[in-house]
Amino acid sequence: MKEMVESVVQYIATNQENSILQNLNTDQELNSFLIDFWIKRDPTPGTDKNEFRDEYLERFRIANFSLGGWQSDRGRVFIIYGKPEDIIIGSEMEIWVYNKKEKIPFVDNSKSLHSEIESGKIKFYFYDYIGAGVMQQVYSSEFGEGR
């Protein structure tokens with residue numbers, strides 16, 4: 001069970017959460033960890049539904065069944081960023097395009113507010129080096145995502 005938990009959370013777990021996870025051994029400890037892990041990310045605490053968890057696990061499922069698995073480059077990008085706004089398909093390549101949105105703080109009548117604005121595009125380039133349908137990421141315009 002520990003390997004399954006590690007694989008599901010690895011793209012979004014903090015360094016501290018990964019350290020905690022490494023020291024867990026029983027199914028009960030792992031279940032408690034997962035409960036706390038998803039509660040911290042719940043956008044609507046106090047409701048029965050955790051939209052973030054449900055969306056994330058659905059992306060994980062899609063990556064495994066349609067994109068070469070959660071460990072593939074396309075699977076990883078899909079799990080982290082979701083469905084691209086546009087996909088440009090060539091003979092042995094794909095470009096996934098996302099609209100990048102950032103929360104920009106501004107002050108209005110002494111209240112700190114945040115606004116989501118579109119601030120550009122993120123592009124991920126995938127190439128099938130061996131011609132077998134295995135797309136590997138060769139470039140991204142997102143900071144920290146380049147290969």
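The table that follows gives values for the structure above.
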read-out: Rounded to the nearest 10 Å², the accessible area of Met1 at probe 1.4 Å; value: 90
read-out: For the chain, calculated [θ]222 nm from helices alone, where every DSSP H run of n ≥ 4 adds -39500 (n - 2.57); value: -11500 deg cm²/dmol
read-out: Candidates per GluC sites (Glu not before Pro) in the stretch 3-94, loop by DSSP, up to 14 other Cβ within 10 Å; value: Glu85, Glu92
read-out: At 0.890 mPa s and 25 °C, Stokes diffusion of the chain via Kirkwood alpha-carbon radius, µm² per second; value: 139
read-out: Anisotropy class of the stretch 1-83 from Cα gyration tensor, a/c 1.5 cut; value: oblate
read-out: Cross-link reach list, aspartates and glutamates versus Lys2, counting only Cα pairs under 17 Å and skipping chain neighbours closer than eight places; value: Glu17, Asp27, Glu29, Asp36
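The values are calculated or read from the model by the stated rules, or taken from the named source; none is laboratory data. Please read these numbers as outputs of a predicted model, since none were measured by experiment. Cβ atoms come from the backbone with ideal geometry, glycine included; neighbour counts cover every protein chain shown. Remember, those area values only see protein heavy atoms, side chains included, never the ligands or the DNA or RNA. Shrake-Rupley method; radii C 1.70, N 1.55, O 1.52, S 1.80 Å.
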